[in-house]
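Novice: This is the structure I want to talk about, given as structure tokens.
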Amino acid sequence: MIGYSTDYFGHVPAARWAGYNWSPWRASTKKLTYGPDGIQGTSDDDYYSILIDDTRIDTDLKPGDILSKPSAHVVTVYNFAGHRDQNDSQIIEASSSKDKVRVKSQVNIESQYLTRGYKARRLVQH
């Protein structure tokens, strides 16, 4: 990913190269969740991504979806076995402190992310 940092601010905007034609295409975790203006509850909230309802995560979450905590962090779902409360999923995580991108295995989506304020979202392609 030439031209991108290795933390999540570089990891997420690289979605542009996967075919997401956003304008503006570079988005912070807050904008990724709340739209280009970064304000919750406005008409552009679903511009970059749409919320996956908590009651549907076990059936709807799929690879490529994200777990986002606005103004904090975002990870990408790499493999989801259909059990949000078991240690059987994988996520892609980028970290500036470790300066690397890694696949984290044996992830419990519920206890490691959802109970800590993360929301499951699906990226929107324009």
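The values are calculated or read from the model by the stated rules, or taken from the named source; none is laboratory data. All values derive from a computational prediction rather than experimental measurement. Cβ placement follows ideal geometry from the backbone for every residue including glycine, while neighbour counts extend to all protein chains displayed.
Novice: Can you tell me which residue is surrounded by the most Cβ atoms within 10 Å (Cβ to Cβ) among those in the stretch 53-82 that are under 14 Å from L114 (Cβ atoms) and basic (K, R)?
Specialist: Across the stretch 53-82, the extreme among qualifying residues is K69.
Novice: Out of all the residues in the stretch 33-61, which are closer than 24 Å to S89 by Cβ, touching a residue at least 40 places away in the same chain (Cβ under 8 Å) and of a type outside the set (D, E)?
Specialist: Of everything in the stretch 33-61, those that are closer than 24 Å to S89 by Cβ, touching a residue at least 40 places away in the same chain (Cβ under 8 Å) and of a type outside the set (D, E) turn out to be T33, Y48, S49, I50, L51, I52, I57, L61.
Novice: Would you tally the residues in the stretch 83-117 being under 21 Å from S49 (Cα atoms), loosely packed, with under 13 Cβ neighbours inside 10 Å and in contact (Cβ under 8 Å) with a residue 12 or more places away in the chain?
Specialist: Summing the residues that are under 21 Å from S49 (Cα atoms), loosely packed, with under 13 Cβ neighbours inside 10 Å and in contact (Cβ under 8 Å) with a residue 12 or more places away in the chain in the stretch 83-117 gives 2.
Novice: Just to verify a result, which residue in the stretch 46-64, among those that are of a type outside the set (A, V, I, L, M) and touching a helix residue (DSSP H, G or I) at 6+ places or on another chain (Cβ under 9 Å), is modelled with the highest pLDDT?
Specialist: Looking at residues that are of a type outside the set (A, V, I, L, M) and touching a helix residue (DSSP H, G or I) at 6+ places or on another chain (Cβ under 9 Å), I get D53.
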